[in-house]
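Beneath this line is the structure, given in structure tokens, with notes to follow.
The values are calculated or read from the model by the stated rules, or taken from the named source; none is laboratory data. Being a predicted model, the structure only gives us computed values, none of them experimental. All Cβ positions, glycine included, derive from the backbone under ideal geometry; neighbour counts span all protein chains shown.
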There are 2 protein chains.
Amino acid sequence: MSVMTHHISGNCADCPIRHRAVCARCEQDELEELESIKYYRNFEAGQTILWSGDKMGFVGTVISGIASLTQTMEDGRTQMVGLLLPSDFVGRPGRDGSAYDVTATTDVVMCCFRKKPFETLMAQTPHIAHRLLEMTLDELDAAREWMLVLGRKTAREKIASLLSIIARRDASLSPNGPAGPMVFDLPLTREAMADYLGLTLETVSRQMSALKKDGVILLEGKRHVTVPDMGRLMEEAGDDSDGGLMA
Amino acid sequence: MSVMTHHISGNCADCPIRHRAVCARCEQDELEELESIKYYRNFEAGQTILWSGDKMGFVGTVISGIASLTQTMEDGRTQMVGLLLPSDFVGRPGRDGSAYDVTATTDVVMCCFRKKPFETLMAQTPHIAHRLLEMTLDELDAAREWMLVLGRKTAREKIASLLSIIARRDASLSPNGPAGPMVFDLPLTREAMADYLGLTLETVSRQMSALKKDGVILLEGKRHVTVPDMGRLMEEAGDDSDGGLMA
DNA sequence: CGAGCACTTGATCGCTTTCAATAGCTGTGG
DNA sequence: CCACAGCTATTGAAAGCGATCAAGTGCTCG
């Protein structure tokens, strides 16, 4: 039953997320340099990858699975501040410690580099530094979009926003058009959803039920979601898609 | 009454925020290159610097004053997603459009570069690219810290968090120790505070009054704030400072 | 003096939280 | 095979916090 090395070859050329990761822009020789210092690590669902405040010995890329960044207050309130999907980068070159807890939400495989050698390599390799800047800017955009969700949206809109983000991401992996119903499995528990959305798990559950009752989503079991009409979901999210058709 | 060029010389060597800006790491020759393509622009309080979705023709650094990044939903709800202070950078090299409205909260002076030449220069100048990555990582940290504020803090804690951020920033400019009472002027209206905190302006006003009544802050007029005990304010913010003394 | 603006304060409403009970599922052991 | 623990999720009822609606204050500027 143990999760083996997840049949990941050591070969960057075979890497399923190579073109989206921090190494996306690397030339063959740069890739070989990276390859020589990389190693894989597996984390089980629920396991902590990195504690807030710990000094990080490594940086790396999520190959498969989902990890989350969370902040916790002394009294136990927690807020998820990032969702790490395959190809996302973990760690901050130039920083000593992580500012957040990094936790494996599902089983996770990471492609790691010890921090020092990576930093050295990055200093010599503009392709890596440039790609990392690009990815960091994307993360910043995502964080700011999420600030709007947290600060101004209702519980129902928050749930719809989260579902639409997950749906869109799944769509970007399987190259179907956005047309037709979307189907996916929620990678998050109700509690994790609540931590992401700044809600309680009860409110999440209630709003999921409400969206189901109103036909915005179909639920099979607790986790399997079908979205019959993506436009409708985006309306519910307050994003007012619109992006496509004009009367 | 018109705001003149704000007696800013064209000389980078005299620039008050040079060591914190995107050009902080530049050598003399790099600085001269930058100097040859830069120009200053003034914006009046309330003026829009950049509209969301517009293609940006320039990037730049805030020299003086305060600008804000805001997102707006179709029904008018708005959320401030960033506060730009002197030395902060505006614009995303490699991106065509701004994702947010950028507005001058006070009168603002910016040091601008046309986007294309700046991108070219950046590609040749690792010092700039590296510093920009560093600054972007800082912004990402700030955005994520703000997600905790927006998602999990009470109205009172939100106000205290904002005040403590502004107070800390002012402290970092004037090189006093953190000891003793802090005094500063709020650069934001109650409405802007509300937009930042995901509250209504009435709630902001009420909580300001409450903090005043409880002696956490002193108010002189609407904007002039004295914090007699910074530790107390941080407790109110839920940050539980602590960072310094151990029993 | 009155208009306009930023802010304050009061009263009420409603959404989300809180507290609590229940349901469904999975794995374990008698 | 059933009982039960442990976990996730759902649902209900009540409470609380911030939003909304509505005056009213104080200040600046014409």
Next item on the list: Only residues in region B:58-79 that are within 14 Å of chain A (Cβ to nearest Cβ) count as the first member; pair them with residues that are of a type in the set (Asp, Glu), Cβ under 6 angstrom, at least 6 apart or cross-chain, and list the lot.
Entry: B:Thr70/B:Asp101; B:Glu74/A:Asp240; B:Thr78/B:Asp195
Margin query: Quick check on this structure: which one of B:Leu211, B:Leu199, B:Leu188, B:Leu162 is within 15 Å of DNA strand C (Cβ to nearest atom), among the aliphatic types (A, V, I, L, M), in a loop (DSSP other than H, G, I, E, B) and away from chain A (no Cβ under 12 Å)?
Written below: B:Leu188
Margin query: Can you find, within region A:231-245, the residue that is farthest from DNA strand D (Cβ to nearest atom) among those that are within 14 Å of chain B (Cβ to nearest Cβ) and not in a loop (DSSP other than H, G, I, E, B)?
Written below: A:Met234
Check: If we keep just the residues of region A:183-207 that are in contact with a Ser or Thr (Cβ under 6 Å, 6 or more places away or on another chain) and closer than 13 Å to A:Gln79 by Cα, which is farthest from DNA strand D (Cβ to nearest atom)?
Finding: A:Asp195
Next item on the list: Could you run through region A:1-30 and say how many residues are part of a loop (DSSP other than H, G, I, E, B), at pLDDT 85 or above and within 20 Å of A:Leu85 (Cα to Cα)?
Entry: 8
Next item on the list: Identify, by number, the condition in (1) touching a helix residue (DSSP H, G or I) at 6+ places or on another chain (Cβ under 8 Å); (2) at pLDDT below 95; (3) under 14 Å from B:Ala21 (Cβ atoms) that B:Met56 doesn't meet.
Entry: (3)
Next item on the list: Of the conditions (1) small (Gly, Ala, Ser); (2) touching a strand residue (DSSP E or B) at 6+ places or on another chain (Cβ under 8 Å); (3) facing another protein chain (nearest Cβ under 10 Å), B:Gly94 clears all except one; give me its number.
Entry: (2)
Check: (1) within 11 Å of another protein chain (Cβ to nearest Cβ); (2) in contact with a Gly (Cβ under 9 Å, 6 or more places away or on another chain); (3) without any contact (Cβ under 8 Å) to a residue 40 or more places away in the chain: which one isn't true of A:Ala171, the others all being true?
Finding: (1)
Next item on the list: Looking only at region B:140-155, decide whether some residue is at pLDDT below 95, within 11 Å of DNA strand C (Cβ to nearest atom) and on the phi < 0 side of the Ramachandran plot.
Entry: no
Notebook entry, point to check: Taking interchain pairs and intrachain pairs at least six residues apart, which have beta carbon atoms under 8 angstrom, with the first residue in region B:125-149 and more than 7 Å from chain A (Cβ to nearest Cβ) and surrounded by fewer than 19 Cβ atoms within 10 Å (Cβ to Cβ) and the second modelled with pLDDT under 95 and in a helix (DSSP H, G or I)?
Noted result: B:His127/B:Glu30
Next item on the list: Kindly provide the set of residues from region A:36-57 that are more than 25 Å from A:Leu197 (Cβ to Cβ), surrounded by 16 or more Cβ atoms within 10 Å (Cβ to Cβ) and either within 14 Å of chain B (Cβ to nearest Cβ) or without any contact (Cβ under 8 Å) to a residue 60 or more places away in the chain (or both), ordered by number.
Entry: A:Met56
Check: Within region B:97-122, which residues are within 12 Å of chain A (Cβ to nearest Cβ) and aromatic (Phe, Trp, Tyr)?
Finding: B:Tyr100
Notebook entry, point to check: So which residues in region B:214-230 are within 16 Å of DNA strand D (Cβ to nearest atom) and touching a residue at least 40 places away in the same chain (Cβ under 8 Å), if there are any at all?
Noted result: B:Val216, B:His224
